[in-house]
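The values are calculated or read from the model by the stated rules, or taken from the named source; none is laboratory data. All figures in this text were calculated on a predicted structure; none of them were measured in a lab. Cβ: placed from backbone, ideal geometry, glycine included. Neighbour counts: every protein chain shown. Protein only, heavy atoms only, side chains kept; ligands, DNA and RNA dropped before computing areas. Shrake-Rupley method; radii C 1.70, N 1.55, O 1.52, S 1.80 Å.
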Amino acid sequence: MTTTLERTALTDDRLTDDRLTDDLLTGFRERAARHDATGTYATDDLAALRAAGWLKAALPADRGGRGLDLAALAAEQRRMARFSPATALSTCMHHYWVGTAADLAARGVDAAEPVLRWTAEDRVLASGHAEAGNDVPVALSTTRATRVRGGWRIDGRKMFGSLGEHWDLLGVHAMDSSDPAAPVVVHGFVPRGAAGLRTVRNWDAQGMRATESHDTVLDGVFLADADVLRTVPAGPSDDPVVGTMQVWALTLIANVYVGVAERALELAVAHARTRTSIALPRGTFAHHPLVQHQVAAMHLELSAARAQLDALARDWVSGVDHGPMWGVHVLSAKWRATRAATSVVDTACEVVGGASYRAGTELERLSRDVRAARFHPGTDAFTHEMVGKALLGVDPTGPRW
């Protein structure tokens, strides 16, 4: 699979042992509430990460990056989520492309070479996979790809595009069905400012408001052959480029929501130690047996989710050969993280009580941010479908039902 790459010496005071400093991340937390309230992207966070070289965290050291593998980067993005979930989630969309390219290069696959070059040039990458009317993103697409001279014409609309108008290149996929018997999906990158590309500023969601995940309309956008990452048959794919991308994307995203839950537990514990009631003679809710049970339950849920995600990342980094079961393991870990994070945040709100329902408090914000986890692939229904088919030996490329 991939190997851990040599890391460069640390020179930036915003980094310590390949970790962002607490001072830097504290600034993220101080800005998070304001950006959530206004629904605006934390551009200061992005600028700080760029200055710290963090946007090159997964870039190989010999290309000017830090050479972090999936396990190391996932753990740090999870930590970042404890300070600013929206910043952590949105930057994962950049990191998964860079990590994919780095792993492919380490395995001798040069398909993603442009990604490494763009990252070295400090370009920001984003994800353009989500579409209305398509519950199997990446494998299929409602966006059309039409072959033209020197590349492809792309027509369609992408939604949930984290990083809003702050990306330089958008990774997209589109389907060419000119041969109904053999449709293909084209994966590639289109630059901001391309003719026919338009951002629709429509992100006004319950949570993760500061990701500015606006829609992107592609009306005859030209995708040059040089910027095509891969062209694969439509449907479930065992292509190494597509598989590597999915492992990186889902592992990083899942870790963000676990980080959200870790912070919720931290807030609940701190509150229980000081929350009092006239009916509690010993003084605080920390002595209430139900609260003790709730706190323990949160810890147990998080321990299991972390263990599964960390094992997944370690297996990937060390090259464990799960073969066709990689998809099962990735979807399972993401599903477990989603369930655990949602449960933990909800329980934290119960421990804190009505104060967690007050707008503007950190836990109230986290309770909204964690809701987004269920909408990231794979959803609950898709995960059960794919895992069930894999275990039962049902061919996923055949008729769906």
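Some points to look at:
- Heavy-atom accessible area per residue - the stretch 327-401, 1.4 Å, Å²: 50
- Quarter of Cα convex hull surface for the stretch 229-303, i.e. mean projection, nm²: 7.3
- Whole-percent pair-distance distribution, where bins are 10 Å wide, for the alpha carbons of the chain: 5, 22, 32, 26, 11, 3, 1, 0
- Across the options V241, A340, L280, the greatest Cα extent toward the positive end of the charge dipole of the stretch 195-351 (unit charges at beta carbon of Lys, Arg, Asp, Glu) belongs to L280.
- Positive-end extreme of charge dipole, the chain - chosen from T379, A194, H322 (charges on Cβ): T379
- Charge dipole (debye, nearest 20) of the chain; +1 at Cβ of Lys and Arg, -1 at Cβ of Asp and Glu: 820
- Pairwise centroid distance, computed over Cα atoms, of the stretch 55-130 with the stretch 283-317, Å: 28
- The mean sequence distance of close C-alpha pairs (under 8 Å, at least 6 residues apart), as a share of the length of the chain, puts its relative contact order at 17 percent.
- For the stretch 93-193, relative contact order (Cα pairs under 8 Å, six or more residues apart, normalised by length) works out to 24 percent.
- Using the Cα coordinates of the stretch 105-200, the gyration tensor eigenvalues translate into equivalent-ellipsoid semi-axes of 22, 18, 13 Å, sorted from longest to shortest.
- Length gained when the stretch L280-A297 is fully extended (0.36 nm per residue, less Cα-Cα span): 3.9 nm
- The orientation-averaged shadow of the Cα convex hull for the stretch 207-247, equal to a quarter of the hull surface, comes to 5.1 nm².
- Accessible area in square angstrom per residue, the stretch 19-157, 1.4 angstrom probe: 35
- Put simply, when 170-183, 71-84 are sorted by average Cβ atoms within 10 angstrom per residue, most first, you get 71-84, 170-183.
- In summary, the aspartates and glutamates within cross-link reach of K56, defined as a Cα separation below 12 angstrom excluding same-chain residues under 8 places away, comprise D18, D69, E121, D122.
- Each other residue within a Cβ distance under 13 Å of A286 adds +1 if Lys or Arg and -1 if Asp or Glu, for a net charge of +3.
- Reachable aspartates and glutamates, given that their alpha-carbon falls under 16 Å from the alpha-carbon of K389 and they are not under 8 places away in the same chain: D238, D380
- Unit charges on C-beta of K, R, D, E only; dipole of the stretch 34-122, Debye: 240
- For the peptides 296-308, 318-330, 46-58, the ranking by packing is 46-58, 296-308, 318-330, with the highest mean count of neighbouring Cβ atoms within 10 Å listed first.
- Note on R50 and D321: their simple-model spin labels are 4.4 nm apart, each label 7 Å out from Cα toward Cβ.
- Global form of the stretch 332-401, assessed from the alpha-carbon gyration tensor, a/c cut-off 1.5: prolate
- The chain: angle of helix 326-352 to the longest principal axis, Cα-based, in degrees nearest 10: 30
- Under the shape rule built on the C-alpha gyration tensor, where the axes satisfy a ≥ b ≥ c, the stretch 164-209 is prolate, since a/c reaches at least 1.5 and a/b is greater than b/c.
- Global form of the stretch 257-401, assessed from the alpha-carbon gyration tensor, a/c cut-off 1.5: prolate
- Positive-end residue of G67, S177, H214, charge dipole of the chain with Cβ unit charges: H214
- Solvent-accessible area, 1.4 Å probe, carbon plus sulfur percent, for the stretch 122-238: 51
- Among beta bridges identified by DSSP and lying wholly in the stretch 93-197, the antiparallel ones come to about 70 percent.
- Exposure of E131 as accessible area (Å², to 10), given a probe of 1.4 Å and all protein chains: 10
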